[in-house]
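Computed from the coordinates by the stated procedures, all read-outs in this text should not be read as laboratory data. It should be emphasised that the depicted structure is a prediction, and the values quoted were computed from it without experimental measurement. So basically every Cβ, Gly included, is an ideal-geometry build from the backbone, and we count neighbours across all protein chains shown.
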Amino acid sequence: MTISRRDLLIAGTALAAGVSVSAPFLRPPYRIDRRRVRSRVALLRVEDYSRPIDELLFLGLRQFPLRVQGKTVLLKPNLVDYLPGNAINTHPRLVVAAAEAFRRLGARNVVVGEGAGHQRDTQLVLSESGYEHDLRQYGISFVDLNRDELVRVELGASYTDFEHLWLPRTVLRSDFIVSMPKVKAHHWSGVTLSLKNMFGVVPGNKYGWPKNILHWRGILESILDICATVPIHFVIADAVIAMEGNGPLNGSPRALWTVVLADDPVAADATCARLMGFEPERIPHIHEAARFLGNSSPGLIDQAGEGLRRPEVPFQVVPEFQHIRAT
Amino acid sequence: MSQERIRAEICRVLMERQLSRGGWPALARSEQTALEPTIYSMLALGPSQKHGYERALRCLLDCQNPNGSWPSFIGDEREGAWTTALALIALADNVEAARSQRKGFQWLLRSAGKESSWLWRWKFRTTDRQVRFDSNKFGWPWQPDTNSWVVPTSFAILALHHLPPSWAGELAAFRLQKGTEMLLDRVCPGGGWNAGNGVVYGAALAPHLDDTAVALLALKNRSDEPAVKESLAWLDGNIARPSAPWSLAWSALALAAHSRCVHRLVSSLAQQLRPNDIRDTATLAVLALALDVDRSLRLLTADP
């Protein structure tokens, strides 16, 4: 068989066309890899949110080689709305304890920042949830991320078709970002933990209340793009009183008496999911984040503090997420 | 201090915060012009504060997008945002701005929540049924390519009430009707509104004071609707509990729009105020509007 120049030209053109069509699907949608060789998680037993939490948290943080001297630390709690009796928000006492601990560890400035997803009246959520009183008492400043100055940022991944996002200057200027989620089941994403908590850095002033554009572009995809763009340096998750069922607002409180510390957001979320009685690899955004944002496998996570005990009865979830419960 | 003096003090602080381009930042000490605080500040100051008002007007006209819409802040993309309705309220009756208004209204009438498309209506009816709402009733989104929500729909209805009669046509009447139906459909069980989800997965969600107040302003002429009556009662019953200036100021405007006496609410609001301590410029400006309630209602609702 002889191959003519014409055949070669046709074959070459077909190959080039094939590569150009399939390359976007073969190339991973992320441009960074933040996975550590090993990740570290510590579980602290916390019986309530009262004063002793300060020392406990400080000692817990000392188990990590944190380098925050002279740095600006942003604490990003989950502060969504206020409904009396519902465990919706990261408890303000935990946030104050974290601020005090990072100050003791040498941080130059500690700021609390959040862009509430449902409530336009930030002042109202702060005062009703107890934040206003506690932050003022300890001289901790709060930045409303829904209304902060905005900077256009190219994304670190392309799971959505966003070309860029406008993000708050306070977030982008922070040296060390601590995601402080309330551990909750979530009716759209299965769970809301340290990764999903970063929806709160997306400004309402630009994207609305709720940040509906993130739902239209895909919740899983948006979580991954945001977390690829805004690094989470540390996690302090509030699972003292968590939430099961129809979260993030209307679920039921469920006590785990635990604060989860981690130097890796994926390890933190995988651990929290296990504490809730879920299989983290069945939660799509945690599963995908483990490809580039951190470790979810127990074999890659060094665990300190209390032992990880799965509950006898997994957390309740809405019907669409029954499959994430460990069986 | 009297209400007038407190209002004058707020206006003084607003003037201090006005940026060199004529707009206002969302938060004190920021340098980025945001449209929402700019428009409330402009309405609060009024033409009597000639210098500040005229600079604000120029800023507003200068930042209009080529498609007739307005951005949410200066530097934003040029596709348009929810602030377009607010800009049209601020420019109402301004002869100088007639051309800008016409382009703005044309954009506003074209802008709609995604449920306005048959494809998405079908999706919401068949596969996406966890949120209880009637997808035939649609209003306005916060930004293009998203759903209708209560606050942008309410602002758009208020803006369309300022539409000059010679420009109003069938489309404006249709959008007003659909937007009003959408608000009435999205009311929370027991009255009041939140962002726009009354029931999710069978659970009733709680209303918010500010969202309720803005919706009630838009439904000023629908006081006889059962949902409006119920929401007024809810608002009336909830302003007494500890709250925040932003929500209380909007509540005062809404209750006054429905002929409720707000004298005590406004005077207690005025007594607690320390304008310099309020970092959020939009809150400060809405407080100034609530302290001059009759004039503000004329500006917001287009009532004579």
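Here are some notes:
- Over the stretch A:44-169: Rg over Rh, Cα atoms, Kirkwood Rh: 1.00
- Taking the charge dipole of chain B about its Cα centre, with +1 at Lys and Arg Cβ atoms and -1 at Asp and Glu Cβ atoms, the residue from B:Q49, B:S148, B:W234 reaching farthest to the positive side is B:S148.
- Descending by average beta-carbon neighbour count within 10 Å, the peptides B:68-81, B:109-122 line up as B:68-81, B:109-122, the highest first.
- Counted charge near B:P226, where neighbours are those whose Cβ lies closer than 15 Å (Asp, Glu -1; Lys, Arg +1): -2
- Partner shielding of A:125-132 amounts to 1, given as the average count of beta-carbon atoms from other chains within 10 Å of each residue beta-carbon.
- Fully extended contour minus Cα-Cα distance, from A:F64 to A:R27, at 0.36 nm per residue: 9.9 nm
- Quotient of Cα Rg and 2.2 N^0.38 Å for the protein assembly as shown, N being how many residues it contains: 1.00
- Fully extending the segment from A:R309 to A:H133 would add 59.9 nm, taking 0.36 nm per residue of separation and subtracting the current Cα-Cα distance.
- Taking every C-alpha pair closer than 8 Å and separated by at least 6 residues, the mean separation divided by the residue count of chain B gives a relative contact order of 19 percent.
- Degrees separating the helix A:265-275 axis from the principal Cα axis of chain A, which is the longest one: 70 degrees
- Shape of the stretch B:64-103, Cα gyration tensor, a/c cut at 1.5: prolate
- Burial ranking of peptide ranges A:130-141, A:236-247 (average Cβ count within 10 Å, highest at the top): A:236-247, A:130-141
- Rg over Rh, two decimals, the stretch A:111-189 (C-alpha only, Kirkwood Rh): 1.00
- Local net charge near A:K71, Cβ-Cβ under 13 Å (Lys/Arg +1, Asp/Glu -1): +3
- Per residue, the convex hull spanned by the Cα atoms of the stretch A:31-324 measures out at 115 cubic angstrom.
- Among the listed pairs A:K206/B:K103; B:K178/B:K220; B:K114/B:K178; B:K178/B:K229; A:K76/A:K182; B:K114/B:K137, those whose Cα-Cα separation exceeds 18 Å are A:K206/B:K103; B:K178/B:K229.
- Sorted by Cβ density within 10 Å, fewest first, the residues A:I3, A:I324: A:I3, A:I324
- Shielding by partners for peptide B:136-149, expressed as the average number of C-beta atoms from other protein chains within 10 Å of each residue's C-beta, is 3.
- Solution diffusion estimate, µm²/s, Stokes-Einstein, chain B, Kirkwood Rh from C-alpha pairs, 37 °C, viscosity 0.692 mPa s: 168 µm²/s
- Fewest-first ranking of A:T327, A:T229, B:T83, using other Cβ atoms within 10 Å as the exposure measure: A:T327, A:T229, B:T83
- Mean projected area in nm² (Cα convex hull; one quarter of hull surface) for the stretch B:102-219: 7.1 nm²
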